[in-house]
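The values are calculated or read from the model by the stated rules, or taken from the named source; none is laboratory data. Quantities reported herein were computed from a predicted structural model and do not represent experimental measurements. Ideal geometry is used to build each Cβ from the backbone, glycine not excepted, and the neighbour counts take in all protein chains shown. These area figures cover heavy atoms from the full protein model, side chains too; ligands, DNA and RNA do not enter into them. Shrake-Rupley method; radii C 1.70, N 1.55, O 1.52, S 1.80 Å.
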Amino acid sequence: MLLITTTRERERSTTGSDGAMPPPPAVVFEHVSLAFDEHVVLRDVSFSVPKGTMRILLGASGAGKSVLLKLILGLLRPDSGRIFVNGQRIDDMRERDLLQMRADIAALQRELNVTT
């Protein structure tokens, strides 16, 4: 199980009758692909996680859950596509800037053992 959430801002994305715009997403993947040699892990993945929300990714071993987290943290770079965290493009960011960005991210990775 992989849980993605933001720590700095706990805003809800609502648009009221006053016409206020919702906050930008905390995480955005735009057509992200990544392969290790011939093993394609992610192919053309696009999604967003609104600020102040949580998402849980469930999948079999090797499905790419940890790879997604490493991409969000800037520990891996995609072969193609763009990744934004808190409005900043991180897939081409320098390591020094990535260290600052990582201070605003909380992530939990845990294996679930389910028996039926």
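Report I105's accessible area, 1.4 Å probe, all protein chains in place, as a number in Å² to the nearest 10.
It works out to around 40 Å².
With every protein chain kept in the model, how would you rank L76, L58 by accessible area, 1.4 Å probe, largest at the top?
Ranked from most to least accessible, the order is L58, L76.
In nm, to one decimal, how far is the modelled label at F36 from the one at S80, with both set 7 Å along Cα→Cβ?
Placing both labels 7 Å along Cα→Cβ, they lie 2.2 nm apart.
In whole Å, what are the extents of segment 40-104 along the principal axes defined by its C-alpha atoms, from largest to smallest?
Reported extents, whole Å, longest axis first: 33, 28, 18.
Using a probe radius of 1.4 Å on heavy atoms only, what accessible surface per residue do you get for segment 48-101? Whole Å² is fine.
56
Largest first, how would K70, K65 line up by accessible area (1.4 Å probe)?
Largest accessible area first, the residues go K70, K65.
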